[in-house]
Amino acid sequence: MQAEIIAIGSELTSGAKLDTNSQWLSLELAELGIPVHYHTTMADSLDAMTETMRIAVDRSDLVFVTGGLGPTLDDITREAIAALAGVELELNEESLSHIRELFARRQREMPERNEIQAMFPVGSRPISNPRGSAPGIWREFVREGRGSQLIAMPGVPSEMKRMYKHEVLSLIHI
């Protein structure tokens, strides 16, 4: 079994922010005996993201994606996963309820744009994010008769780490 990590965000490729998620995930996976063979850091570009994910699922058993799950127009990880799978996005009511409740608990009005965070590629599973408004995405792809799991998590390190430890580890097939 081998893994790879794709860190998404123009703030990473411009140097404005440092990608600490890839390092942390690599160390966590090494503790499980899963080698990470590739790290890719890329800007927010739908075509490039889709192609990079296609290459990753073709060569790796586990593909971890961090970033691009927020509500802004450049957060297009969900769209790239849908394009890769050749499916549309669909609303997940449970995720939308969680996002609305999160804003209500913080006594803030939820911007309409945050509804995009409850949209998931058909055939994928939402991954709970108790710390933030960006649920993760789990999707399995079949490649050469074998499965490849793609797990997308938020780019915010505290949210990503919590999601990995408390949600993702129980979902991945090791």
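Does at least one position in the range 112-120 carry a residue that is closer than 24 Å to Glu4 by Cβ, at pLDDT 95 or above and open to solvent by less than 60 Å² (accessible area, probe 1.4 Å)?
yes
Suppose the filter is within 21 Å of Gly155 (Cβ to Cβ), in a helix (DSSP H, G or I) and open to solvent by 50 Å² or more (accessible area, probe 1.4 Å); does Glu94 pass it?
no
Which residues, taken from the range 7-31, are in a helix (DSSP H, G or I), in contact with a helix residue (DSSP H, G or I) (Cβ under 9 Å, 6 or more places away or on another chain) and either of a type in the set (S, T, N, Q) or open to solvent by 60 Å² or more (accessible area, probe 1.4 Å) (or both)?
Matches in the range 7-31: Asn21 only.
Any chance you could count how many residues in the range 121-158 are part of a loop (DSSP other than H, G, I, E, B), open to solvent by 50 Å² or more (accessible area, probe 1.4 Å) and out of contact with any strand residue (DSSP E or B) (no Cβ under 6 Å at 6 or more places or on another chain)?
Selection size over the range 121-158: 7.
Hey, Ile34 hits all of (1) exposed (fewer than 15 other Cβ atoms within 10 Å of the Cβ); (2) part of a loop (DSSP other than H, G, I, E, B) but one; which does it fall short on?
Evaluating Ile34 over (1) exposed (fewer than 15 other Cβ atoms within 10 Å of the Cβ); (2) part of a loop (DSSP other than H, G, I, E, B) leaves (1) as the failure.
The values are calculated or read from the model by the stated rules, or taken from the named source; none is laboratory data. All of these numbers come straight from a predicted model, not from anything done at the bench. FYI the Cβ positions are ideal-geometry reconstructions off the backbone, even for glycines, and counts take in every protein chain you see. We work out accessible area using only protein heavy atoms, side chains counted, and drop any ligands, DNA or RNA first. Shrake-Rupley method; radii C 1.70, N 1.55, O 1.52, S 1.80 Å.
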